[in-house]
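None of the figures in this text is laboratory data; all of them are computed from the coordinates on show. Note that the structure is predicted; figures quoted are calculated from it, not measured. Please note: Cβ atoms are built from the backbone with ideal geometry, for glycine as well, and neighbour counts cover all protein chains shown.
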Amino acid sequence: MGSSGRYIALEGSEGCGKSTQARWLADDLGAVLTREQGGTRIGSLIRGILLDPDHTELERRSEALLNAADRAQLIAEVISPALDSGTHVVSDRSVYSTLAYQGYGRGLPLDELRNINDWAINGCWPHLAVLIEVDPALLEARTSARVKDRFERESNDFHDRVRRGFADMAAASPEQWAVIDGNADAETVRARLRTVVRERLGI
Ligand code: TMP
């Protein structure tokens, strides 16, 4: 590919602070900021289907494929062109969220999800995924006042599996992952994140 742009994904559970951190990191790096789902016009429509709590009949394979479709559009329309032009990309979530939520959370086979998504993203995996880890009690405190979407209404067991899934993936692939403690105040987390990106990617 020969691109010099770096693709950084922030991952973690709802309420971990990754949306704010993604915005700040993109500012600090002069990077393109995007998100999954919903980083494109098509993706916003897909996100609407996925998050609507009325869609109780949505089958888990449909859920996985809709996330993959959102991602295919995002890679083609936003991420690959930016990287090819030498611009860094910071994304609020990535393919790893599918492994965590549809794999560890819903119980779909991880190998199949990896294969389907590798095809969807045309092999364009993040150069670095950063897991922002926050204690469950603090996550709950941060999200309890929200109107909950379809995922946020899932059981505590589901969210525990997702959290453990992220931690397992990060532990199993330290060359792809960095983990930072997100329990501190937002500016402290921002500085930790900036340090990790500099150390790991040299930017
Ligand atoms: P958000 O919390 O970052 O707005 O993400 C939307 C929700 O979608 C969140 O609960 C995680 C979930 N999700 C998946 O289940 N699979 C995926 O592949 C992605 C990107 C998100």
Cβ-based net charge around LEU139, under 12 Å, with every Lys or Arg adding one and every Asp or Glu removing one: -2
Directionally averaged shadow of segment 44-162, computed from the convex hull of its alpha-carbon atoms, nm²: 8.0 nm²
What net charge do the residues around ASP149 carry, taking every other residue with its C-beta under 9 Å from that of ASP149, with Lys and Arg at +1 and Asp and Glu at -1? +1
Name the shape class, rounded, prolate or oblate, that the alpha-carbon gyration tensor gives for segment 1-70, where a ≥ b ≥ c are the square roots of its eigenvalues, rounded holds for a/c under 1.5, and otherwise prolate holds if a/b is larger than b/c and oblate otherwise. prolate
In the chain, what is the volume of the convex hull around the alpha carbon atoms, normalised per residue and reported in Å³? 113 Å³
Once amide hydrogens are built 1.01 Å from N within the peptide plane, the residues lying 5 or more places from LEU131 or on another chain with amide H under 5 Å from its amide H are GLU11, ALA178, VAL179, ILE180
What distance in nm separates the simple spin-label points at ARG150 and ALA172, each placed 7 Å from Cα in the Cβ direction? 2.6 nm
Find me the longest stretch of the chain that has none of the exposed trypsin sites (Lys or Arg not before Pro), where exposed means in a DSSP loop (not H, G, I, E or B) with at most 15 other Cβ atoms within 10 Å. 1-145
Rounded to whole angstrom, the alpha-carbon centroid of segment 117-154 lies from that of segment 34-82 at a distance of 14 Å
Positive minus negative residues near THR40 (Lys, Arg vs Asp, Glu; Cβ under 9 Å): -1
